[in-house]
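Peer 1: One structure, pasted below without further comment.
None of the figures in this text is laboratory data; all of them are computed from the coordinates on show. Keep in mind that what you see is a predicted model, and the values were worked out from it rather than measured. Neighbour counts run over all protein chains shown; Cβ positions are idealised from the backbone, glycine included.
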Amino acid sequence: MSSAIESTGLRPDHVGRRYPATEPYVVSAAKIAEFATAIADRSPAYHGSDPIAPPTFAMVIAAQAWQGLFDDPELGLRLDHTIHTDQSFEWVRPLRVGDAVTASLTISSVRQRRGTDIIGLAVSLDTPAGEHLATASSTLWHTREDA
């Protein structure tokens, strides 16, 4: 890896590392309907004049925060060596049309087993004014090139 910061690889002491918030993503009725259609969910809650977003819609926003993790030269992670294995959400309230939402990623756990990094992530979804909306928790499995 040729960068100003030499990759030292992911380590347990990276737990707690937090990345800057993404730019606000503005939730729209069209995006909610598009997502609900893509997941074949015809619930009336996701369509009509005042829809809410399906719970998994949050990944559209949360995944944007993952970029900071893969761009961090110290960690040396590669998306093409990564499997998304687990996902859960803790909701304060649903996402609604007009919500501007930022995503801030924190590394919540790191385990290493036989050439694989098992990385826990917590992505806080918040309004720019500081209202906490949800936390999206994920587990990624990352195989190291030397494995």
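Peer 1: Once amide H atoms are placed 1.01 Å from N in the peptide plane, what residues at a sequence separation of 5 or more from S28, or on another chain, have their amide H within under 5 Å of its amide H?
Peer 2: G98
Peer 1: Would you please give the residues with an amide H less than 5 Å from that of V110, counting only those at least 5 places away or on a separate chain, with H modeled from the backbone geometry?
Peer 2: Under 5 Å from the amide H of V110: G120.
Peer 1: Remind me, relative contact order of the chain in percent, using alpha carbon pairs under 8 angstrom and six or more residues apart?
Peer 2: On the way: 304 pairs, mean separation 43.4, N = 147.
Here the relative contact order equals 30 percent.
Peer 1: Under 5 Å between amide H atoms, partner at least 5 residues away or on a different chain: which partners does G76 have, H built in plane at 1.01 Å?
Peer 2: Result for G76 returns G9.
Peer 1: What's the percent breakdown of Cα-Cα distances in the chain across 5 Å bins, shortest bin first?
Peer 2: Pair shares across the bins are 2, 10, 18, 19, 17, 13, 10, 7, 4, 1, 0.
Peer 1: Using only Cα atoms, find the angle between the long axis of helix 58-71 and the longest principal axis of the chain, and express it within 0 to 90 degrees, rounded to the nearest 10.
Peer 2: Around 20 degrees separate the two axes.
Peer 1: While we're looking at this one, here's another question. If you count, for each residue, the other Cβ atoms within 10 Å and average over each peptide, how do 63-73, 110-120 line up from highest to lowest? Spell out each step's value before the answer.
Peer 2: Working: 63-73: 16.9, 110-120: 15.1.
In descending order of packing, they fall as 63-73, 110-120.
Peer 1: In degrees, nearest 10, range 0 to 90: what is the angle between the Cα axis of helix 29-38 and the longest Cα principal axis of the chain?
Peer 2: Approximately 70 degrees, to the nearest ten.
Peer 1: Moving on. In what sequence, highest mean first, do 133-141, 83-91 appear when ranked by Cβ atoms within 10 angstrom? Each step should come with its number before you reach the end.
Peer 2: On the way: 133-141: 19.2, 83-91: 12.0.
Top of the packing list down: 133-141, 83-91.
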